[in-house]
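Everything below concerns the one structure shown next.
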Amino acid sequence: MKVTLIKPNIGRMEHSLYVDEGRMEPLQLGVIAGLTPPHVEVALYDDRMEQIPYDDKTDLVAITVETFTARRAYEIAKEFRERKIPVIMGGFHPTLIPQEVQEHCDSMVLGDAEGVWSEIISDFEKEKKLKPIYKSRPGIGQLGGYIPRRDLFRGKGYLPITLTQFGRGCRYSCNFCAISVFFEKNYFARPVNEVVAEIEKQKRRYLFFVDDNIVAHKEEAKKLFRALIPLKKKWVSQGSIDMLEDEELMELMVKSGCLGNVIGLESINPYDLREMKKTPNIKKFDHYATQVRLLRNYGLQTWAAFTIGHDWETPADVEKTLNFALESKFTFAAYNILMPYPNTALYKKLEEENRLLYDGKWWLHPEYRFNHASFKPKSMSADQLTEAVYQVRKIWNSNLSILKRFMEPRTNMRTLERALIYWTYNPLFKKETFKKHGMYFGLANNKSIN
Ligand code: B12
Ligand code: SF4
């Protein structure tokens, strides 16, 4: 038996192959390959930089689907199903909106693959067919020490950083976040010894813990950080800003080799932060002055993440957010237009208020373009929001801004290694940001996915 695993891209440039130069290893496909019994042959194709060989012999196709890649995933599935190859889908989008996904595949997994993948393989081997739905608990996360098959990533030109995970989910429930829906506001941490064993099996010095919030359970995080110290690795992750309230946690984090984290600052307006239920950011709010000072003292290179388009936000406020980020000299920043992901509290609110554009399904709409507003904001128009965010990205990524932001002695200029990280990734992220802007989902000239 042969299983073909596929990571779809967001879209394509007309008919040509779109090459994502900042692509990272698709960890979920490595995990699924690791769960697959050794007698089953596994192939992996990544639509972000390679052609999918639809006519190669295979028995089953497994596609990972995010909301942004759903349209392209359906196109790929259609090609295989026309060739009578069954398709199974899993990932965030199927779990968020199974009724839609079901129409485009033969079978799907809700939750994590770990709980059901061996049953799927055995059903297929015995019956040559699958149940329409397999339900698994989300958050099990490689329990039992499954090691992702990283050999499948070789030669595909991924960034030289190993993706791994310690915890899954997050206890907070920010109203726009797909994570809190997928994991039902729960957090799960893997046993530290299994994570350490996995890290020791790979040779790279740089690691990316893809956790949604690596400090979601501070005591568990401390256990991990203590165990990382002797490994002498360098790592990045994502974490909520309340990490800074725990001095012991931060000192261990730095000692264990942390270079910096993606931190969801979201907004500098306390009304918007309250409205979106960004609980970790609201306590003793002083416009992040304390947190920016502490992050610098710890020498962490922060990737500040903002969501733009909240109810109280005007174009002038978007500019204020940019100025704050520039003054803070963050190493990287993401200015994401607020996106109503299916089944989130934000989606339901905008739906009730009749503010969703693109028939309420921007991810499927043939006219929707990446990084465009998909709902009617309250304090500006949808076009103004799209344009404001585009301008902010232009200024943030300008050569002058990159040079000025570098001049931060405790973070970006701290060591030669930090400077190299800064100068390698800022130009790369800049290039990718503008390459993807305005991209249609799926094949640009494909108006129908059915
Ligand atoms: C690392 C990461 C990135 C990396 C890229 C990673 C890569 N390999 O290329 C970067 C930073 C570049 C990135 C970019 C973006 N990301 Co991202 N990313 C993540 C993150 C944090 C981890 C992904 C991961 O490796 N997880 C570990 C694996 C093991 O878990 P998993 O994917 O959930 O897979 C398990 C199950 O879902 C299931 N499963 C998954 N697929 C399949 C398939 C089959 C067949 C089966 C059976 C089971 C199955 O089993 C797996 C094993 O347990 C996730 C959040 C998360 N917790 O996963 C967000 C996440 C996937 N990203 C998200 C988004 C929005 C984006 C962006 C669009 C952001 C933006 N505006 O630019 C971009 C573009 C994404 C794209 N497709 O091009 C959202 C997607 C939301 C949604 N509803 O789809 C998430 C969920 C974050 C969030 N807070 O909402 N991302
Ligand atoms: S803190 Fe981050 S991961 Fe947790 S619910 Fe909020 S946005 Fe999602």
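Annotations
- Residues of the range 107-163 that turn out to be under 19 Å from L27 (Cβ atoms), in the same structural domain as Y74 (by TED's automatic domain parsing) and without any contact (Cβ under 8 Å) to a residue 24 or more places away in the chain, as a count: 1
- Filtered residue count, the range 200-233, keeping only those that are over 21 Å from K185 (Cα atoms) and either within 20 Å of the chain's Cα centre (by Cα) or within 13 Å of ligand 1 (Cβ to nearest atom) (or both): 3
- Test for F209: is it within 16 Å of ligand 2 (Cβ to nearest atom), within 25 Å of M339 (Cβ to Cβ), aromatic (F, W, Y) and modelled with pLDDT under 95: no
- Test: F306 is within 13 Å of ligand 2 (Cβ to nearest atom), under 24 Å from T67 (Cβ atoms) and of a type outside the set (S, T, Y): yes
- Selection of the range 351-377 for residues being assigned to a helix (DSSP H, G or I) and closer than 22 Å to P94 by Cβ yields E351, Y358, D359, G360.
- Yes/no for E248 being of a type in the set (D, E) and under 24 Å from the mean Cα position of the chain (by Cα): no
- Among the residues of this structure, V262 counts as one that is within 30 Å of E417 (Cα to Cα), within 14 Å of ligand 1 (Cβ to nearest atom) and touching a residue at least 40 places away in the same chain (Cβ under 8 Å).
- Contacts under 7 angstrom Cβ, first residue in the range 68-80 being closer than 19 Å to G438 by Cα, partner in a helix (DSSP H, G or I), 6 or more apart: A70/H93
- For G145, the conditions (1) surrounded by 15 or more Cβ atoms within 10 Å (Cβ to Cβ); (2) over 22 Å from the mean Cα position of the chain (by Cα); (3) modelled with pLDDT under 95 all hold with the exception of (1).
- Of the strands (runs of 3 or more DSSP E) lying entirely inside the range 125-200, those containing at least 2 residues that are within 16 Å of ligand 2 (Cβ to nearest atom) span 167-169, 187-189.
- Of all the numbered requirements in (1) hydrophobic (A, V, I, L, M, F, W, C); (2) in contact with a Lys or Arg (Cβ under 9 Å, 6 or more places away or on another chain); (3) buried (at least 20 other Cβ atoms within 10 Å of the Cβ), V192 misses one, and that requirement is (3).
- Whenever a residue of the range 173-197 is within 14 Å of P280 (Cβ to Cβ) and more than 11 Å from ligand 1 (Cβ to nearest atom), its partners that are hydroxyl-bearing (S, T, Y) and not in a loop (DSSP other than H, G, I, E, B), lying with C-beta atoms within less than 9 angstrom and at least six residues away or across chains, give the pairs S173/S180; S173/T279.
- Entirely in the range 245-284, the helices (runs of 4 or more DSSP H) that have 1 or more residues that are more than 12 Å from ligand 2 (Cβ to nearest atom) and buried (at least 23 other Cβ atoms within 10 Å of the Cβ): 247-255
The values are calculated or read from the model by the stated rules, or taken from the named source; none is laboratory data. Being a predicted model, the structure only gives us computed values, none of them experimental. Methodologically, a virtual Cβ is constructed for each residue, glycine included, from the backbone with ideal geometry; neighbour enumeration extends over all protein chains shown.
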